[in-house]
Amino acid sequence: QVQLVESGGGLVQAGDSLRLSCAASGFISGINSMGWYRQAPGKGRELVAVIMSGGDAVYAESVKGRFTISRDRPKNTVFLQMNSLKPEDTAAYYCNLVVRGGTGNYWGQGTQVTVSS
């Protein structure tokens, strides 16, 4: 059983910053990756950023240079620092965890980010 709990969302103005956190708990023998996805109303869920077990990170082109993903490995926690937020960043943000070997894929409940002009 794996649980992911996100926090840090909110209502901000364009140009502001937010930091999202996701803490994983449960029976985790190893983590292949942790990442963030987002979904706007009426849209599909898209990858925002993911960090691999070796430390490499990938980002969606739309957030490169503005968002940074990081992790605290002993605490099984991943962060998303979001700077220079834009209205088009408005979405529900979901934490994702893939266990070692790709044998499990887990999602958090989501945290809402709303950016006004």
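The values are calculated or read from the model by the stated rules, or taken from the named source; none is laboratory data. Every value quoted in this text rests on a predicted model; they were computed, and no experiment measured them. As a convention, Cβ positions derive from the backbone with ideal geometry for all residues, glycine included, and neighbour counts pool all protein chains shown. Note: areas computed on protein heavy atoms with side chains; ligands, DNA, RNA excluded. Shrake-Rupley method; radii C 1.70, N 1.55, O 1.52, S 1.80 Å.
Couplings for region 2-14, taken from phi via the Karplus curve 6.51 cos²θ - 1.76 cosθ + 1.60 with θ = phi - 60°, read 10, 10, 10, 10, 9, 7, x, x, x, 9, 9, 9, 3 Hz in order; Gly and Pro are left as x.
Near Cys22, once Lys and Arg are set to +1 and Asp and Glu to -1 for all other residues with Cβ below 15 Å from its Cβ, the sum equals +3.
For region 16-43, the residues whose backbone nitrogen is under 17 Å from a point 7 Å from the Cα of Arg66, taken along Cα to Cβ, are 16-20, 36-41.
Under 5 Å from the amide H of Gly104 lie the amide H atoms of Val99, each residue being 5 or more positions distant or on a separate chain, with H modelled from the backbone and absent for Pro and chain starts. For region 1-113, averaging the sequence separation of C-alpha pairs within contact (under 8 Å, six or more residues apart) and dividing by the residue count gives a relative contact order of 36 percent. Remark: spin-label model distance Arg19-Glu88 equals 2.7 nm, labels positioned 7 Å along the Cα→Cβ axis. Close amide H pairs (under 5 Å, H built 1.01 Å from N) link Arg71 with Phe79, residues at least 5 positions away or on another chain. Quick one: of the DSSP bridges fully inside region 2-117, what percent are antiparallel, nearest 5? The answer is about 90 percent antiparallel.
Between beta-carbons, use under 14 Å as the cut-off and find the net charge around Met52, counting Lys and Arg +1, Asp and Glu -1.
Around Met52, the charge tally is +2.
Report the full-extension gain for the segment Ala40 to Ser53: residue separation times 0.36 nm, less the Cα-Cα distance, to one decimal in nm. Let's see the in-between values first.
Values: separation 13, 0.36 × 13 = 4.68 nm, distance 2.80 nm.
Roughly 1.9 nm would be gained on extension.
Our coupling estimate for region 65-71, obtained by passing each phi through the Karplus curve with A = 6.51, B = -1.76, C = 1.60 and θ = phi - 60°, is x, 10, 10, 9, 9, 8, 8 Hz, Gly and Pro reported as x. In this structure the chain gives 54 Å² per residue of accessible area when probed at 1.4 Å with all protein chains present. Return the carbon/sulfur percentage of the accessible area of the chain, one whole number, probe 1.4 Å, all protein chains in place. Answer for the chain: carbon and sulfur cover 48 percent of the accessible area.
Rg(Cα) of the chain divided by 2.2 N^0.38 Å? Working shown, then result.
Working: Rg = 13.6 Å, N = 117, 2.2 N^0.38 = 13.4 Å.
Taking N as the residue count of the chain, the ratio is 1.01.
Annotation: amide H-H contacts under 5 Å for Ile31 (H modelled 1.01 Å from N, sequence separation of 5 or more, or interchain): Arg100.
For region 19-34, 3J(HN,Hα) computed residue by residue from phi via the Karplus equation (6.51, -1.76, 1.60; θ = phi - 60°) reads 10, 8, 10, 9, 10, 9, 9, x, 7, 10, 7, x, 10, 7, 6, 9 Hz, glycine and proline entered as x.
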